[in-house]
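The values are calculated or read from the model by the stated rules, or taken from the named source; none is laboratory data. All of these numbers come straight from a predicted model, not from anything done at the bench. Cβ sites come from the backbone with ideal geometry, for glycine too, and all protein chains shown count toward neighbours.
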Amino acid sequence: ADVITEHDEL
Amino acid sequence: MNIFRLAGDMTHLLSIIVLLLKIYATKSCSGVSRKTQELYAIVFLARYLDLFTDFISVYNSFMKVVFIASSLAIVWCMRVHPMVRRSYDKELDTFRHYFLIAACFLLALVLHEKFTFQEVFWAFSIYLEAVAILPQLVLLQRSGNVDNLTGQYVFFLGAYRGFYILNWIYRYLTEPRFTRWIACVSGVVQTALYADFFYYYFISWKNNSKLKLPA
(Lines give C-alpha, C1' and ligand atoms only; values in the text may rest on other atoms or scores of the structure.)
Protein backbone atom coordinates (compact mmCIF):
# COMPACT_ATOMS: atom_id res chain seq x y z
CA ALA A 1 0.00 0.00 0.00
CA ASP A 2 0.92 3.63 -0.43
CA VAL A 3 2.86 4.64 2.66
CA ILE A 4 1.53 8.19 2.84
CA THR A 5 -2.12 7.25 3.13
CA GLU A 6 -1.69 4.19 5.33
CA HIS A 7 -3.22 5.01 8.70
CA ASP A 8 -1.92 2.31 10.96
CA GLU A 9 -2.25 4.34 14.16
CA LEU A 10 -5.34 4.90 16.25
CA MET B 1 4.10 -1.42 17.09
CA ASN B 2 6.66 0.00 19.48
CA ILE B 3 6.56 0.42 23.24
CA PHE B 4 5.69 4.15 23.03
CA ARG B 5 2.75 3.56 20.75
CA LEU B 6 1.46 0.76 23.01
CA ALA B 7 1.91 2.94 26.11
CA GLY B 8 0.06 5.74 24.29
CA ASP B 9 -2.85 3.50 23.35
CA MET B 10 -3.05 2.08 26.86
CA THR B 11 -3.07 5.48 28.59
CA HIS B 12 -5.70 6.61 26.08
CA LEU B 13 -7.83 3.59 26.93
CA LEU B 14 -7.18 4.10 30.64
CA SER B 15 -8.34 7.72 30.43
CA ILE B 16 -11.67 6.66 28.94
CA ILE B 17 -12.09 3.83 31.48
CA VAL B 18 -11.34 6.23 34.34
CA LEU B 19 -14.05 8.54 33.04
CA LEU B 20 -16.64 5.79 32.54
CA LEU B 21 -15.84 4.42 36.01
CA LYS B 22 -16.24 7.84 37.57
CA ILE B 23 -19.59 8.41 35.89
CA TYR B 24 -20.81 4.87 36.61
CA ALA B 25 -19.67 4.75 40.26
CA THR B 26 -20.92 8.18 41.25
CA LYS B 27 -23.87 8.30 38.81
CA SER B 28 -22.69 11.83 38.23
CA CYS B 29 -20.87 13.63 35.47
CA SER B 30 -20.11 16.81 37.39
CA GLY B 31 -16.89 18.37 36.19
CA VAL B 32 -17.08 16.57 32.86
CA SER B 33 -17.61 18.54 29.66
CA ARG B 34 -20.27 16.91 27.50
CA LYS B 35 -19.07 18.97 24.58
CA THR B 36 -15.59 17.47 24.78
CA GLN B 37 -17.09 13.98 24.97
CA GLU B 38 -19.27 14.64 21.93
CA LEU B 39 -16.28 15.95 20.03
CA TYR B 40 -14.35 12.76 20.82
CA ALA B 41 -17.27 10.62 19.65
CA ILE B 42 -17.27 12.58 16.36
CA VAL B 43 -13.47 12.22 16.15
CA PHE B 44 -13.63 8.43 16.41
CA LEU B 45 -16.60 8.07 14.06
CA ALA B 46 -14.96 10.27 11.41
CA ARG B 47 -11.53 8.64 11.70
CA TYR B 48 -12.55 5.00 11.76
CA LEU B 49 -14.61 5.13 8.57
CA ASP B 50 -11.92 2.73 7.33
CA LEU B 51 -12.95 0.08 9.85
CA PHE B 52 -14.62 -2.01 7.16
CA THR B 53 -12.44 -1.06 4.19
CA ASP B 54 -8.84 -1.26 5.47
CA PHE B 55 -7.67 -4.07 7.69
CA ILE B 56 -4.46 -3.31 9.62
CA SER B 57 -4.54 -5.83 12.47
CA VAL B 58 -6.93 -7.46 14.91
CA TYR B 59 -5.53 -5.13 17.58
CA ASN B 60 -6.30 -2.06 15.44
CA SER B 61 -9.84 -3.09 14.58
CA PHE B 62 -10.57 -4.14 18.16
CA MET B 63 -9.31 -0.84 19.58
CA LYS B 64 -11.30 1.14 17.02
CA VAL B 65 -14.49 -0.60 18.08
CA VAL B 66 -13.64 -0.06 21.77
CA PHE B 67 -12.98 3.66 21.24
CA ILE B 68 -16.17 4.21 19.24
CA ALA B 69 -18.30 2.22 21.69
CA SER B 70 -16.85 3.78 24.87
CA SER B 71 -17.06 7.34 23.60
CA LEU B 72 -20.67 6.82 22.51
CA ALA B 73 -21.42 5.19 25.89
CA ILE B 74 -20.16 8.28 27.73
CA VAL B 75 -22.24 10.61 25.54
CA TRP B 76 -25.26 8.32 26.00
CA CYS B 77 -24.84 8.42 29.81
CA MET B 78 -24.60 12.19 29.85
CA ARG B 79 -27.57 12.73 27.54
CA VAL B 80 -29.92 9.85 28.37
CA HIS B 81 -29.18 8.24 31.75
CA PRO B 82 -31.73 9.86 34.08
CA MET B 83 -29.42 10.29 37.10
CA VAL B 84 -26.24 11.18 35.25
CA ARG B 85 -28.10 13.61 33.02
CA ARG B 86 -29.34 15.58 36.02
CA SER B 87 -25.80 16.15 37.29
CA TYR B 88 -24.66 17.78 34.05
CA ASP B 89 -23.88 21.42 34.61
CA LYS B 90 -24.86 23.20 31.44
CA GLU B 91 -23.99 26.62 32.82
CA LEU B 92 -20.30 25.74 33.15
CA ASP B 93 -20.02 23.97 29.80
CA THR B 94 -20.41 26.96 27.55
CA PHE B 95 -17.67 26.50 24.98
CA ARG B 96 -18.97 27.03 21.45
CA HIS B 97 -17.84 23.71 20.07
CA TYR B 98 -19.72 24.05 16.77
CA PHE B 99 -17.13 26.57 15.71
CA LEU B 100 -14.40 24.02 16.33
CA ILE B 101 -16.21 21.46 14.19
CA ALA B 102 -16.75 23.93 11.35
CA ALA B 103 -13.19 25.27 11.47
CA CYS B 104 -11.68 21.77 11.53
CA PHE B 105 -13.83 20.65 8.63
CA LEU B 106 -12.87 23.66 6.54
CA LEU B 107 -9.20 23.04 7.34
CA ALA B 108 -9.61 19.39 6.33
CA LEU B 109 -11.11 20.46 2.99
CA VAL B 110 -7.98 22.53 2.35
CA LEU B 111 -5.27 20.43 4.03
CA HIS B 112 -5.42 16.67 3.47
CA GLU B 113 -3.28 13.92 2.03
CA LYS B 114 -5.71 13.09 -0.75
CA PHE B 115 -9.03 14.59 -1.78
CA THR B 116 -11.17 11.55 -1.09
CA PHE B 117 -14.12 11.11 1.27
CA GLN B 118 -12.16 9.01 3.77
CA GLU B 119 -9.00 11.10 3.66
CA VAL B 120 -10.84 14.40 4.22
CA PHE B 121 -12.70 12.90 7.17
CA TRP B 122 -9.47 11.41 8.47
CA ALA B 123 -7.77 14.84 8.39
CA PHE B 124 -10.89 16.39 9.96
CA SER B 125 -10.71 13.90 12.84
CA ILE B 126 -7.03 14.64 13.41
CA TYR B 127 -7.66 18.40 13.60
CA LEU B 128 -10.74 18.00 15.77
CA GLU B 129 -8.96 15.68 18.19
CA ALA B 130 -6.24 18.30 18.63
CA VAL B 131 -8.75 20.82 20.00
CA ALA B 132 -11.46 18.54 21.44
CA ILE B 133 -10.09 18.91 24.99
CA LEU B 134 -10.64 22.70 24.99
CA PRO B 135 -14.24 22.67 26.34
CA GLN B 136 -13.05 20.37 29.16
CA LEU B 137 -10.08 22.59 30.02
CA VAL B 138 -12.29 25.69 29.99
CA LEU B 139 -14.81 23.94 32.25
CA LEU B 140 -12.06 22.95 34.71
CA GLN B 141 -10.72 26.48 34.64
CA ARG B 142 -14.17 27.91 35.34
CA SER B 143 -15.02 25.53 38.16
CA GLY B 144 -11.58 25.98 39.77
CA ASN B 145 -11.66 22.81 41.82
CA VAL B 146 -10.83 19.62 39.99
CA ASP B 147 -11.85 16.31 41.53
CA ASN B 148 -9.32 13.47 41.48
CA LEU B 149 -10.89 11.38 38.74
CA THR B 150 -11.42 14.27 36.36
CA GLY B 151 -7.83 15.31 37.00
CA GLN B 152 -6.64 11.77 36.30
CA TYR B 153 -8.75 11.63 33.14
CA VAL B 154 -7.06 14.71 31.71
CA PHE B 155 -3.68 13.50 33.00
CA PHE B 156 -3.97 10.16 31.16
CA LEU B 157 -5.15 11.89 27.99
CA GLY B 158 -2.12 14.15 28.15
CA ALA B 159 0.17 11.16 28.79
CA TYR B 160 -1.31 9.46 25.72
CA ARG B 161 -0.37 12.46 23.60
CA GLY B 162 3.14 12.53 25.06
CA PHE B 163 3.69 8.84 24.28
CA TYR B 164 2.46 9.33 20.71
CA ILE B 165 5.06 12.00 20.13
CA LEU B 166 7.79 9.64 21.41
CA ASN B 167 6.30 7.01 19.09
CA TRP B 168 6.60 9.34 16.10
CA ILE B 169 10.21 10.23 16.96
CA TYR B 170 10.99 6.52 17.27
CA ARG B 171 9.28 5.72 13.95
CA TYR B 172 10.96 8.64 12.23
CA LEU B 173 14.34 7.29 13.33
CA THR B 174 13.64 3.62 12.55
CA GLU B 175 11.32 3.73 9.50
CA PRO B 176 13.03 5.47 6.57
CA ARG B 177 9.76 6.44 4.88
CA PHE B 178 7.87 7.62 7.91
CA THR B 179 6.47 11.07 7.11
CA ARG B 180 3.06 12.18 8.25
CA TRP B 181 3.04 15.88 8.79
CA ILE B 182 -0.68 16.32 9.35
CA ALA B 183 -0.79 13.89 12.27
CA CYS B 184 2.53 14.97 13.78
CA VAL B 185 1.99 18.74 13.65
CA SER B 186 -1.59 18.40 14.96
CA GLY B 187 -0.34 16.04 17.63
CA VAL B 188 2.26 18.50 18.86
CA VAL B 189 -0.36 21.28 18.97
CA GLN B 190 -2.68 18.99 20.90
CA THR B 191 0.00 18.05 23.42
CA ALA B 192 0.92 21.70 23.92
CA LEU B 193 -2.66 22.41 25.03
CA TYR B 194 -2.07 20.11 27.99
CA ALA B 195 1.17 21.78 29.10
CA ASP B 196 -0.54 24.31 31.35
CA PHE B 197 -2.76 21.69 32.96
CA PHE B 198 0.22 19.40 33.53
CA TYR B 199 2.11 22.15 35.27
CA TYR B 200 -0.61 22.59 37.88
CA TYR B 201 -1.21 18.84 38.09
CA PHE B 202 2.42 18.22 39.06
CA ILE B 203 2.50 21.09 41.54
CA SER B 204 -0.55 19.69 43.33
CA TRP B 205 0.94 16.19 43.18
CA LYS B 206 4.26 17.41 44.60
CA ASN B 207 2.56 19.28 47.42
CA ASN B 208 0.14 16.41 47.95
CA SER B 209 -2.73 18.88 47.69
CA LYS B 210 -5.96 19.05 45.75
CA LEU B 211 -5.64 20.17 42.16
CA LYS B 212 -6.74 23.77 41.78
CA LEU B 213 -6.44 25.79 38.61
CA PRO B 214 -5.89 29.52 38.80
CA ALA B 215 -8.86 31.67 37.79
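All of (1) modelled with pLDDT under 95; (2) away from every other protein chain (no Cβ under 14 Å); (3) loosely packed, with under 15 Cβ neighbours inside 10 Å hold for B:Thr53 with one exception: (2).
In the set (1) within 12 Å of chain A (Cβ to nearest Cβ); (2) crowded, with 16+ Cβ neighbours inside 10 Å; (3) over 30 Å from B:Asp147 (Cβ atoms), B:Ala108 fails one condition alone, (1).
Only a single item in (1) touching a residue at least 60 places away in the same chain (Cβ under 8 Å); (2) within 14 Å of chain A (Cβ to nearest Cβ) is not met by B:Arg177, and it is number (1). Just one of the listed residues (B:Arg142, B:Arg180) is farther than 27 Å from B:Lys22 by Cα, over 15 Å from the mean Cα position of the chain (by Cα) and basic (Lys, Arg), and it is B:Arg180. Exactly one residue out of B:Ala41, B:Ala123, B:Ala108 is touching a Ser or Thr at 6+ places or on another chain (Cβ under 7 Å), of a type in the set (Gly, Ala, Ser) and within 30 Å of B:Met1 (Cβ to Cβ): that is B:Ala41. Applying the criterion of being more than 14 Å from the chain's Cα centre (by Cα) and of a type in the set (Ser, Thr, Tyr) to the residues of region B:59-89, the residue that is farthest from the other protein chains (Cβ to nearest Cβ) is B:Ser87.
Residue-wise test of (1) under 22 Å from B:Val18 (Cα atoms); (2) aromatic (Phe, Trp, Tyr); (3) at pLDDT 95 or above; (4) in contact with a Lys or Arg (Cβ under 9 Å, 6 or more places away or on another chain).
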residue	(1), (2), (3), (4)
B:Ser70	yes, no, yes, no
B:Val75	yes, no, yes, yes
B:Leu92	yes, no, no, yes
B:Phe99	no, yes, yes, no
B:Glu113	no, no, no, yes
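Scan region B:171-197 for residues that are in contact with a helix residue (DSSP H, G or I) (Cβ under 6 Å, 6 or more places away or on another chain) and surrounded by fewer than 16 Cβ atoms within 10 Å (Cβ to Cβ) and the total you get is 2.
Quick one: in region B:9-29, which of the residues that are outside any helix (DSSP H, G or I) and free of Cβ contacts under 8 Å to residues at least 60 places away in the same chain is farthest from the other protein chains (Cβ to nearest Cβ)?
B:Ser28
The set of residues in region B:115-147 being within 14 Å of chain A (Cβ to nearest Cβ) and exposed (fewer than 13 other Cβ atoms within 10 Å of the Cβ) consists of B:Phe115, B:Thr116, B:Phe117. For region B:44-87, a residue qualifies if it is in contact with a Ser or Thr (Cβ under 6 Å, 6 or more places away or on another chain) and of a type in the set (A, V, I, L, M), and exactly one does: B:Ala46.
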